[in-house]
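The next block holds one structure in the form of structure tokens; read it before the comments.
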Amino acid sequence: MAGELSPIDKAKFVAAKRAAQFVEDGMRVGLGTGSTAAWLVRCLGEMVRDEGLRIKGVPTSTRTAQLAREVGIEVISLDEAKWLDLTIDGADEFDGELNLIKGGGGALLQEKIVATASDQMVVIADIGKEVETLGAFPLPIEVIPFGWQTTQALVEETLISMDVLGRTSTLRMNGEVPFITDEGNYIMDLHLNRIGNPRQLSLVINQMPGVVENGLFIDICDAVIIGFGDGRFEVRDINEGTVDRDRVDFVESDNVFSDLTD
Ligand code: 5RP
């Protein structure tokens, strides 16, 4: 089954498979959103089913909640969990300090709340997500629909004094209508090309009325697991300063491919 996947999907699966080994019996686990996180949810579902793993999952979107239930993971709300042992999620970009851009899937608000309420956040990604400087991927910000054009003008004006290369923004669409987040808000994508000072930008953007949250994750991620299409993976732990390399055996993992829908 793994042979039918594209190299990039294999890489995502490999990262997810390794990350699933971080999950221990009894843990409360934040479940990320996106195609890489979907692999993780499937791997955990397999462990629940076949190995009797007992976990409580806190999803970061309605999509992830649905998938988690489908694969047999017990789903609870963040308020029921109160605090999480671990969150595992994908990312759109990560840099050498494991600062992230997230929100490509429009779930950045719940993702940031959940990751921040966790002892540890682990990002799973293919190598294409690694960048020297954040910003080639458009930075998503979640904005209140009321007065969104005024918020957009304010954001663009503020970007003039920021250390970025581009200053345009676009409202994310879902066909002919604006994309709506799980919280009923809009997503604005900022085309910055290069973010010289992500920490400062994050603070400034979040001060604007109308902005709910931005997709920069600064000092939140503890480790990244980078998967490769040939089964290799690399685990970089920013706190320990370690890099471990090994590989995943695809043959053991055939079950998780059989009912793939994401
Ligand atoms: C969703 C996210 C995702 O984690 C990010 O977009 C990566 O997605 P994928 O794993 O599909 O590349 O932030 O809001």
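The values are calculated or read from the model by the stated rules, or taken from the named source; none is laboratory data. Note that the structure is predicted; figures quoted are calculated from it, not measured. When we count neighbours, we look across all protein chains shown, and the Cβ atoms used for this are built from the backbone with ideal geometry, even at glycine. What goes into the accessible areas is simple: the full protein's heavy atoms, side chains included, and nothing from ligands, DNA or RNA. Shrake-Rupley method; radii C 1.70, N 1.55, O 1.52, S 1.80 Å.
With both labels modelled 7 Å from their Cα along Cα-to-Cβ, the Thr150 to Glu132 distance reads 4.2 nm. Each DSSP beta bridge with both residues in the chain is either parallel or antiparallel, and the antiparallel ones are about 60%. Helix content alone sets the calculated 222 nm mean residue ellipticity of the chain: runs of n ≥ 4 DSSP H residues at -39500 (n - 2.57) each, divided across all residues, give -9000 deg cm²/dmol. In this calculation the C-beta distance from Leu203 to Glu97 is compared with R0 = 22 Å, giving a FRET efficiency of 0.85. The Rg/Rh ratio for the stretch 139-214 is 0.95, where Rg is the radius of gyration of the alpha carbons and Rh is the Kirkwood radius.
Computed extension gain for Thr168 through Glu74, at 0.36 nm per residue and net of the alpha carbon distance, reaches 29.7 nm. Remark: the Ile113-Thr158 segment gains 13.7 nm on full extension, using 0.36 nm per residue and subtracting the alpha carbon distance.
Averaged over its residues, the stretch 139-214 has an accessible area of 52 Å² per residue, based on protein heavy atoms and a 1.4 Å probe.
Relative to the longest principal axis of the Cα atoms of the chain, helix 7-20 runs at roughly 70 degrees.
Each peptide in 206-213, 140-147 gets a packing score, the mean of other Cβ atoms within 10 Å over its residues, and the list from highest to lowest is 140-147, 206-213.
Straightening the chain between Phe179 and Arg247 buys 20.7 nm, computed as 0.36 nm per residue apart minus the Cα-Cα spacing. Mean sequence separation of contacting Cα pairs (under 8 Å, at least six apart), scaled by the length of the stretch 139-214, corresponds to a relative contact order of 46 percent. Protein heavy-atom accessible surface, 1.4 Å probe, per residue over the stretch 1-48: 32 Å². Remark: the Cα gyration tensor places the stretch 5-110 in the oblate category, a/c being 1.5 or greater and a/b not exceeding b/c. Distances between placed amide hydrogens fall under 5 Å for Gly57 paired with Val29, Glu74, Val75, Ile76, all partners being 5 or more residues away or on another chain. Shape of the stretch 1-66 from its Cα gyration tensor (a ≥ b ≥ c, root eigenvalues): rounded if a/c is under 1.5, otherwise prolate when a/b > b/c, or oblate? The shape class here is oblate. Here the chain has 49 percent of its accessible surface on carbon and sulfur atoms, given a 1.4 Å probe and all protein chains in place. Across the chain, the mean sequence separation of Cα contacts (distance under 8 Å, 6 or more residues apart), normalised by length, yields a relative contact order of 23 percent. Applied to the stretch 65-79, the Karplus parametrisation 6.51 cos²θ - 1.76 cosθ + 1.60 on θ = phi - 60° returns per-residue 3J(HN,Hα) values of 4, 5, 5, 4, 5, 4, 8, x, 7, 5, 9, 10, 7, 4, 5 Hz, with x for Gly and Pro. Put a plus charge on the Cβ of each Lys and Arg, a minus charge on the Cβ of each Asp and Glu, and nothing anywhere else: the dipole of the chain about its Cα centre is then about 340 debye. For the chain, pairs of C-alpha atoms spaced more than 32 angstrom apart make up 21 percent of the total.
Taking a ≥ b ≥ c as the square roots of the Cα gyration tensor eigenvalues, the stretch 104-162 comes out oblate, since a/c reaches at least 1.5 and a/b does not exceed b/c.
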